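Student: I am attaching a structure below and will ask some questions about it afterwards.
The values are calculated or read from the model by the stated rules, or taken from the named source; none is laboratory data. Since we're looking at a predicted model, the values are computed, not measured. Neighbour counts run over all protein chains shown; Cβ positions are idealised from the backbone, glycine included.
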Amino acid sequence: MSGEKRTIRLSKCSVDHHEKEAVSRVLDSHFLGMGVEVQQFEKEIKAYLNTELEVILVNTGTAALHLALECLDFQDGDEVLVPSLTYVASHQAISAAGLKPVSCDVDAQTGFIDLVDAEKRISAKTKAIMPVHYSSNSVDIPQVYEFAKKHGLRVVEDAAHSFGNKRDGHWIGEAGDIICFSFDGIKNITSGEGGCVLTADKAVAARIKDARLLSVENDTQMRFERNRSWVFAVKHQGYRYHMSDIMAAIGREQLKKAPQFAEKRKQLAEMYFNMFEKFPQIKPVTLKNKDIVPHIFVCQIVSEKRDRIVSYLQEQGVSVGLHYYANHLHEYFKTDYALPKVEDLCERLVTFPFHVGITAEDISYIENKLEVYFKERVL
Ligand SMILES: Cc1ncc(COP(=O)(O)O)c(C=O)c1O
């Protein structure tokens, strides 16, 4: 390998002339809001995921989570169990719905919600649990449904990392209570920004369809017919959370590429798993599993100062991240109890560059830099 310094981005979208042409098509139609492109994208997602669940597109993954909770009609102050190790979007969506996020500890190896800890946090106000598919891992979701059944809770899956993943041979989104995806710029597929709710609950689906358009009753159908309502009924709080046709046009092109993106992400993960076998100081948290299409590649540093290795990699042009800082330590979501496993993990986690533009040479470069780092460190 040459000694040349590289710049390797942590994450990056992959778009080309297909998305550009799709956006031009919408611009040329002079109809930019929510219309037939969104309708088609919903149908195509339904077909892709081979699902009978209703598919409702919105403008972010956070909006998907917010609307899911809002349309379940809980009382203000009711509680939702959620792992502390997640993007702040999960917690903000819960509080935006007037509910209280109850942060729970996670499994020290996988970062998935720890149901033993969650059980301790159940109160008379607990109405739902929001498991997060941390780093695309949903292996233990069936246990969450058993837990929810035992305690009479609804399940809102934060599957922001999991579009195009499978579990036991079935697509994420094929079955479940409420599942929310994100299509922001760096997710497994993107619609620029964007999100999606899937649910089998027809009543909740109908509420969400209205709520994304200010709760104007049946406005979704009107918009799909390139029409709109002038005299209408409004019975609930609503939001401007709908997806636009411009976003859907990007998303539809990305969906066509989803299998090839998935293949590339799996190959990349394999390269990382092989590489990290060389470095006992760095342990992948992202699960090695043939059904998983990782959105991010997360590791924990087991015998080393995380911040030193992070600074070193950044100096070498390798952009790394932290997924995530513990939510229960934020001022707004502070708890009066500690969550030891999350607190320990969030001191050790490092996310390595992961997107479909990463090459084998980039991985060799990272490997080479880590070799130099650990050699010099012991001298
Ligand atoms: C775990 C998790 N939940 C929710 C979201 C929110 O998705 P969006 O950025 O589309 O609002 C994200 C986005 O990064 C996420 O990683």
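Student: How about region 166-187: which of its residues are crowded, with 24+ Cβ neighbours inside 10 Å and either more than 18 Å from Phe297 (Cβ to Cβ) or more than 11 Å from the ligand (Cβ to nearest atom) (or both)?
Tutor: Ile172, Gly173, Ile178, Ile179, Cys180, Phe181, Phe183
Student: If you check Ala160 against the conditions, is it touching a strand residue (DSSP E or B) at 6+ places or on another chain (Cβ under 8 Å), of a type outside the set (D, E, K, R), more than 16 Å from the ligand (Cβ to nearest atom) and touching a residue at least 60 places away in the same chain (Cβ under 8 Å)? Can you show your working first?
Tutor: Numbers: touching a strand residue (DSSP E or B) at 6+ places or on another chain (Cβ under 8 Å): yes; of a type outside the set (D, E, K, R): yes; more than 16 Å from the ligand (Cβ to nearest atom): no; touching a residue at least 60 places away in the same chain (Cβ under 8 Å): yes.
It is false that Ala160 is touching a strand residue (DSSP E or B) at 6+ places or on another chain (Cβ under 8 Å), of a type outside the set (D, E, K, R), more than 16 Å from the ligand (Cβ to nearest atom) and touching a residue at least 60 places away in the same chain (Cβ under 8 Å).
Student: Condition check: within 16 Å of the ligand (Cβ to nearest atom) and closer than 27 Å to Arg154 by Cα. Does Asn218 satisfy that?
Tutor: no
Student: Determine, yes or no, whether Tyr337 is farther than 28 Å from Cys13 by Cβ and either in contact (Cβ under 8 Å) with a residue 60 or more places away in the chain or not basic (Lys, Arg) (or both).
Tutor: Taking the combined requirement at face value, the residue satisfies it.
Student: To continue, here is another question. When Gly192 is evaluated against the numbered criteria (1) of a type outside the set (A, V, I, L, M); (2) surrounded by fewer than 24 Cβ atoms within 10 Å (Cβ to Cβ); (3) away from the ligand (no atom under 11 Å from the Cβ), which criterion, by number, is the only one it fails?
Tutor: (3) is the only condition that Gly192 fails.
Student: Assess whether Arg265 counts as being charged (D, E, K, R) and buried (at least 20 other Cβ atoms within 10 Å of the Cβ).
Tutor: Yes, satisfied.
Student: Could you check region 199-232 and list, in sequence order, the residues that are among the basic types (Lys, Arg), touching a residue at least 24 places away in the same chain (Cβ under 8 Å) and part of a loop (DSSP other than H, G, I, E, B)?
Tutor: The answer is Arg212, Arg226.
Student: May I ask you to verify whether Phe273 is aromatic (Phe, Trp, Tyr) and either more than 16 Å from the ligand (Cβ to nearest atom) or surrounded by fewer than 14 Cβ atoms within 10 Å (Cβ to Cβ) (or both)?
Tutor: yes
Student: Separate question: Given Ala89, Ala93, Ala68, Ala63, which one is within 12 Å of the ligand (Cβ to nearest atom), assigned by TED's automatic domain parsing to the domain that holds Val155, in contact with a Gly (Cβ under 7 Å, 6 or more places away or on another chain) and more than 14 Å from Ser244 (Cβ to Cβ)?
Tutor: Ala89
Student: Residue by residue through region 269-309, note down the ones that are touching a Gly at 6+ places or on another chain (Cβ under 6 Å) and farther than 17 Å from Ile172 by Cα. Let's see the steps before the verdict.
Tutor: Narrowing region 269-309 to residues touching a Gly at 6+ places or on another chain (Cβ under 6 Å): 285, 293.
Listed by number, the list holds a single entry, Val285.
Student: Okay, next question. For region 233-274, what are the residues that are in contact with a helix residue (DSSP H, G or I) (Cβ under 6 Å, 6 or more places away or on another chain), farther than 17 Å from Phe183 by Cβ and in a helix (DSSP H, G or I)?
Tutor: Met271
Student: Tell me the helices (runs of 4 or more DSSP H) entirely within region 40-151 that contain at least 1 residues that are surrounded by fewer than 17 Cβ atoms within 10 Å (Cβ to Cβ).
Tutor: Output list reads 88-96, 115-120, 141-151.
Student: Follow-up. Given the criteria within 24 Å of Ile141 (Cβ to Cβ), in contact with a Lys or Arg (Cβ under 8 Å, 6 or more places away or on another chain) and either assigned to a helix (DSSP H, G or I) or at pLDDT 95 or above (or both), does Ile179 qualify?
Tutor: Values: within 24 Å of Ile141 (Cβ to Cβ): yes; in contact with a Lys or Arg (Cβ under 8 Å, 6 or more places away or on another chain): no; either assigned to a helix (DSSP H, G or I) or at pLDDT 95 or above (or both): yes.
No, not satisfied.
Student: List every residue pair whose Cβ atoms lie under 7 Å apart, where the two residues are 6 or more positions apart in sequence or sit on different chains, the first residue falls within region 85-103 and is free of Cβ contacts under 8 Å to residues at least 12 places away in the same chain, and the second residue, located anywhere, is charged (D, E, K, R) and more than 14 Å from the ligand (Cβ to nearest atom).
Tutor: none
Student: Now a separate question. Among all residue pairs at least 6 apart or on different chains, which show Cβ distances below 8 Å where the first residue, located in region 357-369, is charged (D, E, K, R) and the second is in a helix (DSSP H, G or I)?
Tutor: Hits for this filter: Glu367/Met275; Lys369/Tyr312; Lys369/Leu313.
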